[in-house]
1. Evaluate the following for V258: is it part of a helix (DSSP H, G or I), closer than 23 Å to A157 by Cβ and in contact with a strand residue (DSSP E or B) (Cβ under 8 Å, 6 or more places away or on another chain)?
2. Give the residue that is farthest from A90 (Cα to Cα), with candidates limited to residues of region 143-175 that are within 14 Å of the chain's Cα centre (by Cα) and of a type outside the set (S, T, N, Q).
3. It is to be established whether one or more residues within region 185-208 are within 16 Å of the ligand (Cβ to nearest atom), closer than 26 Å to G106 by Cβ and in a helix (DSSP H, G or I).
4. Suppose the filter is within 16 Å of the ligand (Cβ to nearest atom) and either under 24 Å from V274 (Cα atoms) or without any contact (Cβ under 8 Å) to a residue 12 or more places away in the chain (or both); does G178 pass it?
5. So if I check each of G43, G64, G104, which one is within 15 Å of A129 (Cβ to Cβ) and surrounded by fewer than 17 Cβ atoms within 10 Å (Cβ to Cβ)?
6. So, in region 75-96, exactly how many residues are in contact (Cβ under 8 Å) with a residue 40 or more places away in the chain and not charged (D, E, K, R)?
7. Might you check whether a residue that is touching a Phe, Trp or Tyr at 6+ places or on another chain (Cβ under 7 Å), modelled with pLDDT of 95 or more and more than 29 Å from K98 (Cβ to Cβ) occurs anywhere in region 324-345?
Amino acid sequence: MNLDKLMQKRHFLTSLAVAAALCSPSAWSQEKFKIGLILPMTGPFASTGKQIEAAAKLYMAQNGDTVAGKKVELIVKDDTSAPDVTKRIAQELVVNDKVSVLAGFGLTPLALATAPIATQSKTPLVVMAAATSSITEASPFIIRTSFTLPQAAVGLADWAPKNNIKKVVTLVSDYGPGIDAEKYFKDRFTFNGGQVIDTLRVPMRNPDFAPFLQKVRDAKPDAVYVFVPSGAGAALMKQFAERGLDKAGIRLIGTGDVTDDDILNGMGEVAMGVITSHHYSASHNSPLNKKFVEAFSKANAGLRPNFMAVGGYDGMRVIYEAAKATKGVGGQALLDAMKGQVFESPRGPVFIDAQTRDVVHNIYIRKVERVGGQLYNQEFETIKDVKDPGKSR
Ligand code: DHB
């Protein structure tokens, strides 16, 4: 090797060493504010991941990618909806990437599996999707911007008996949010003079609704009350029609997860008139929501945002405002700055209860109607500022 070549090689190696030093987490962590966004991006719950990632990116596009003088880095990871994977990724994000916030959590078991990592590392964990009441009690570092099933369930349990629905069979996914949805609907509906004549629970993964719907048909209730996670509503609705429950005069009611905006428009005639209660509809009538839906759709090839997107969008708002308040400092200070935030969301007014760290918002009673040739959940009644009823046990 001649001298020239040797010099070139040396220069190259020095550049490599400098680049390596610059890329080390310790060098970057001072200038960056990192958010680890863990979502199911593949598998049966991928629509939840897609909606939340799109909403988080929209928030950043609208609000800039620096906060408190630091560049915001959003690190998106696919947990394939497996709890052990979510937990492992969270650990890596905290230890290796030194994220200031863990966020996402598409399903209850994924949030529960990760709660100990938040507690041990004192890292705020923002739940943007999962909705079992007890999640916020699993770690003092958990904040929620999605919703809770008890919140969504009780409004409908008040509405139904006043609207000729006296006898109900409940049909829910057999895990945390389904059990919350069943319990809080049943207790309130029974208190209001209604009767729950059967409670059916279907497996959460790869459910075959047909045998359960046949049971509902045979029981001849006024309505079947349903909870299924986001994305599963289309299959349920299809089998509801195939089994002829609509023809038999059995109404379908439920929390708004079943008429999820992501898939509602593809459900067709059978969904018309379905009554649900929830915290967000893409047709929510406010200037802020109109702007949100338009921008989301434009940035995502016409996709309609659903309640998952709103949980993600509001979660980013809570993180950004907290980071501004602490000037980018993380840990307990960042968590404290998330508590008590009050703001207007595309869903309506939102409050993060400082005591429970859970979201307080309006619950709307909605009816599926055709608007401009498309199916929407049209809000027609508002129950204001609903706290999670699960917290007053
Ligand atoms: C949960 C998941 C959903 O998709 C949903 O719509 C509601 C709750 C959950 O696992 O907590």
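1. Values: part of a helix (DSSP H, G or I): no; closer than 23 Å to A157 by Cβ: yes; in contact with a strand residue (DSSP E or B) (Cβ under 8 Å, 6 or more places away or on another chain): yes.
No; evaluated as a whole, the condition is false for this residue.
2. Checking each candidate, the answer is A152.
3. As a first pass, look at region 185-208 and keep what is within 16 Å of the ligand (Cβ to nearest atom): 185, 201-207.
From what is left, the residues that are closer than 26 Å to G106 by Cβ are 185, 201-207.
Then keep just the ones that are in a helix (DSSP H, G or I); that gives 185.
Yes, that holds for at least one residue.
4. Values: within 16 Å of the ligand (Cβ to nearest atom): yes; either under 24 Å from V274 (Cα atoms) or without any contact (Cβ under 8 Å) to a residue 12 or more places away in the chain (or both): yes.
For G178, the condition - within 16 Å of the ligand (Cβ to nearest atom) and either under 24 Å from V274 (Cα atoms) or without any contact (Cβ under 8 Å) to a residue 12 or more places away in the chain (or both) - is met.
5. Working: G64 fails: within 15 Å of A129 (Cβ to Cβ); G104 fails: surrounded by fewer than 17 Cβ atoms within 10 Å (Cβ to Cβ).
Exactly one of G43, G64, G104 is within 15 Å of A129 (Cβ to Cβ) and surrounded by fewer than 17 Cβ atoms within 10 Å (Cβ to Cβ), namely G43.
6. The total comes to 9.
7. Checked region 324-345: at least one residue is touching a Phe, Trp or Tyr at 6+ places or on another chain (Cβ under 7 Å), modelled with pLDDT of 95 or more and more than 29 Å from K98 (Cβ to Cβ).
Here's the yes/no breakdown for (1) assigned to a helix (DSSP H, G or I); (2) out of contact with any strand residue (DSSP E or B) (no Cβ under 6 Å at 6 or more places or on another chain):
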{"residue": "A301", "(1), (2)": "no, yes"}
{"residue": "G312", "(1), (2)": "yes, yes"}
{"residue": "I319", "(1), (2)": "yes, no"}
{"residue": "V350", "(1), (2)": "no, no"}
{"residue": "K384", "(1), (2)": "no, no"}
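The values are calculated or read from the model by the stated rules, or taken from the named source; none is laboratory data. Computed from a predicted structure; not experimentally measured. Every residue, glycine as well, gets a Cβ built from its backbone with ideal geometry; the counts of neighbours run over all protein chains shown.
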